[in-house]
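Novice: Encoded as structure tokens, here's the structure I'll be asking about.
The values are calculated or read from the model by the stated rules, or taken from the named source; none is laboratory data. Here the structure is a predicted model, which is why all the values come from computation and not from measurement. As a convention, Cβ positions derive from the backbone with ideal geometry for all residues, glycine included, and neighbour counts pool all protein chains shown. Just so you know, the surface numbers come from the protein's heavy atoms only, side chains and all, with ligands and any DNA or RNA stripped out. Shrake-Rupley method; radii C 1.70, N 1.55, O 1.52, S 1.80 Å.
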Amino acid sequence: MLTSPQDSLDSTELEELIVRIQKGDSEQYALIVRSFQKPIYRYCYRLLENKQDAEDAVQDILVKGYQSIRQYKSQMHFSAWLYRIAYHHCLNLLRRRRLHKQVMRIFRPEVLSASPEQELDARLYSPSLSAALAGLSLEERNMLILRVFEEQTYAEISEILGGSPNALTKRMNRIKLKVQEAMKSEEEITWKETKSAMNTKI
């Protein structure tokens, strides 16, 4: 029987839920969908820059997650496992559509309310930052999305992208410097404010 719906699950509840699904209680997967649909959509939207494509992608990703859930092992964070499916799905879409050169504005604001988090994001979403991000590779932007917006830990990013957490931390620092140096040349940006925002988020 389906348990009470909720928007998020703690790690213990999530693992217990997955075990029930793996044993054949497929109805429980609705709670996985409820918990991960919005964050996976945000992630896909920032990579694909297209609402319809993101909506289609999140459905495909959640279906893939269900089809593959018996392969999931608890040694890995489930969210990292699902984001890895999402990453490869979106990357394949981008490769097929040859959108590498067009993925330039993934840090567009989604203005819904004036929450503190969105005010912080507003400082990160700027023309000068978009210009700086144009110099990053798709993989570098993806790492920023996972760390800044999806708030994945370096351990979780390691599970998604591969590599050790220490190596990823060093790589993130290089990405930050690369973006910061590019932004310093943009006269219209208030550099200190944006630097503070990035240091808070990353």
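Novice: Can you compute 3J(HN,Hα) from phi for each residue in the stretch 36-41, using the Karplus curve 6.51 cos²θ - 1.76 cosθ + 1.60 with θ = phi - 60°, rounded to whole Hz and x for Gly and Pro?
Specialist: Karplus-based 3J(HN,Hα) across the stretch 36-41 equals 10, 4, 5, x, 5, 4 Hz.
Novice: Another question, if that's okay. What list of ³J(HN,Hα) couplings, whole Hz, do you get for the stretch 62-67 from phi and the Karplus terms 6.51, -1.76, 1.60, once you set θ to phi - 60° and write x for glycine and proline?
Specialist: 5, 5, 4, x, 5, 5
Novice: Here's a follow-up. Working out 0.36 nm times the residue gap between residue 37 and residue 15, then minus their Cα-Cα distance, what length gain in nm do you get to one decimal?
Specialist: So the chain would gain 6.2 nm between residue 37 and residue 15.
Novice: What ranking of 140, 13 comes out by heavy-atom accessible area, probe 1.4 Å, highest first?
Specialist: Descending order: 13, 140.
Novice: A follow-up question, please. How much length is gained if the chain between residue 92 and residue 180 is pulled fully straight, taking 0.36 nm per residue apart and subtracting their Cα-Cα distance, in nm to one decimal?
Specialist: 28.7 nm
Novice: Same structure, new question: Could you give each residue of the stretch 70-78 its phi-based ³J(HN,Hα) in whole Hz, using Karplus coefficients 6.51, -1.76, 1.60 with θ = phi - 60°, and x for Gly or Pro?
Specialist: Result, rounded to whole Hz: 5, 8, 5, 10, 5, 5, 10, 4, 5.
Novice: Can you order the peptides 62-69, 42-49 by their average number of other Cβ atoms within 10 Å per residue, highest first?
Specialist: Sorting 62-69, 42-49 by mean packing, highest first, produces 42-49, 62-69.
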